[in-house]
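Take a look at the structure set out below.
Values in this text are rule-based calculations from the coordinates and carry no lab data. What you are looking at is a predicted structure, and each value in this text was computed from that prediction instead of being measured. Backbone-built Cβ (ideal geometry, glycine too); neighbour counts: all protein chains shown.
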Amino acid sequence: MAFAAKILGTGSAFPQRRLTNDELAHQIAAGGVETNDRWIRERTGIRERRITDTGNSAETNSSLGTQAARNALAMAKKSAADIDQIIYATCTPDTIIPSTACWLQQKLGADRAWAMDINAACSGFVYGVVTGEQFIKSGHARTVLVVGAEVLSQFVNWTDRTSCILFGDGAGAAVLERVSDDSPGRILSSHLLSNGSLNGLFLIPAGGSKLEVTPERFHQNLHKIQMNGREIFKVAVRTLVECATRVLEQNQMTVADLDWFVPHQANIRIIEAVADRLNYPMDRVLVNVDRFGNTSAATIPTVLDGALRDGRIEPGQTVLFDAFGAGLTAGSVLLRW
Ligand code: UT7
């Protein structure tokens, strides 16, 4: 029998601390950086974001991921012992070694699972879902936990006003389950792409094996995010439209067949530009960037989780995930709920 994968449950977790635009502006002004609530809202749609308390062990990347995973397992009516595979999408791991997937495995007690991290930056959750789906289709796994979680606040340069306003911390998770390939609810298809020649658009230069963090590089903030915002904006719109179009074409569908569009939450203006080019109504686009900012790999699972829990997404509906991120990485997943 041929297999397909279905998302059975989702979950989210965020740090407690809310940082509003006014507070952020006040905080970074002390370091000589000027911004204001109006500029941030008008240019990005962000009102506030969540920031981890580094002294609180419940707010590490893996702790937030574990909480999101527990919520997803509860919705899926599964236990940690059911999980065959853990795929943890993050570019802000607890530690470089071991993987954050292994930290989560220990916290969750998912003793039967094998666990690995993937780094596709903001596209990480989409890459994780597609990877998990392949293990399910090949018969190697029945139940896969995919987590997208980030603590970007640790990697933001708080003296760079063009980037520090954008990011927040959080975690989302999904439980994927094996179903037959004619199941009404299942992943229909996906499209992934990468373009490594755009690696300079969004980069943390130091801290990997290529460039050690020396005191001098530390003072130059080379261990923090560097970003070409204007260029990313243009590439993001183009790439998101391309990925959405490709995955719809693969299924002989158009946007008229879509019930919900779930784009990566980087900037409301990027989302509106993509919806406009696709000729898709904004009231069918799921958004949480206003409350959480850009949480990278966590944006799609958290916005999806919100819409499932408040009943907007219903069984039988057609949903499209669409992501882009550093790398450049990008990808889309079309599924029927
Ligand atoms: O997952 C990938 C992560 N990255 C992204 O998704 C970034 C995508 N890009 C963006 O979201 C937008 O390009 C930004 C929000 C980063 C910037 O918005 P923009 O509309 O492209 O602004 P801009 O860079 O063209 O800057 C316009 C003006 C400039 O001043 P001048 O040269 O016109 O005098 C900036 O210096 O706004 C100034 N500016 C700010 N002013 C107040 C830039 N950042 C700020 C700020 N507060 N935070």
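Quick look at the values:
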{"quantity": "Table column - 3J(HN,Hα) (Hz), the range 210-215, Karplus curve with 6.51, -1.76, 1.60, x for Gly and Pro", "calculated": "6, 9, 5, 7, 8, x"}
{"quantity": "Cut-off 10 Å between beta-carbons: net charge of the residues surrounding Thr90, Lys and Arg +1, Asp and Glu -1", "calculated": "-3"}
{"quantity": "Entries of Lys77/Lys137; Lys137/Lys234; Lys107/Lys137; Lys78/Lys107 with Cα pairs more than 26 Å apart", "calculated": "Lys137/Lys234; Lys107/Lys137"}
{"quantity": "Using distinct alpha-carbon pairs, which all enter the 1/r mean, Kirkwood radius of the range 3-180 in Å", "calculated": "16.9"}
{"quantity": "Relative contact order (percent, whole number), the range 96-217, Cα cutoff 8 Å, 6+ residue spacing", "calculated": "17"}
{"quantity": "Antiparallel content of DSSP bridges confined to the chain, in %, to 5", "calculated": "70"}
{"quantity": "Max mean-square fluctuation residue, GNM over the chain, Cα-Cα springs under 10 Å, options Thr100, Thr214, Thr54", "calculated": "Thr214"}
{"quantity": "3J(HN,Hα) from dihedral phi, the range 267-279, Karplus parametrisation 6.51/-1.76/1.60, rounded to Hz, x for glycine, proline", "calculated": "6, 4, 6, 5, 4, 5, 5, 5, 4, 4, 5, 7, 6"}
{"quantity": "5 angstrom amide H check on Asn294, placed H, neighbours 5+ away", "calculated": "Phe167, Gly168"}
{"quantity": "FRET efficiency, Arg41 to Gln16 (Cβ-Cβ, R0 25 Å, nearest 0.05)", "calculated": "0.65"}
{"quantity": "Cut-off 11 Å between beta-carbons: net charge of the residues surrounding Ser296, Lys and Arg +1, Asp and Glu -1", "calculated": "-2"}
{"quantity": "Approximate spin-label separation Arg217-Arg284, in nm, with each point projected 7 Å along Cα-to-Cβ", "calculated": "4.8"}
{"quantity": "For the chain, projected area of the alpha-carbon convex hull averaged over all directions, nm²", "calculated": "16.4"}
{"quantity": "Environment charge of Ser62, counting only residues whose C-beta is closer than 12 Å and scoring Lys/Arg +1, Asp/Glu -1", "calculated": "-3"}
{"quantity": "Candidates Ser209, Ser197, Ser99, ranked by Gaussian network fluctuation over the chain, Cα under 10 Å, top entry", "calculated": "Ser209"}
{"quantity": "The chain, helix-only ellipticity at 222 nm - DSSP H runs n ≥ 4, -39,500 (n - 2.57), divided by all residues, nearest 500", "calculated": "-10000 deg cm²/dmol"}
{"quantity": "Long-range amide H partners of Thr92 with built H, under 5 Å", "calculated": "Val151"}
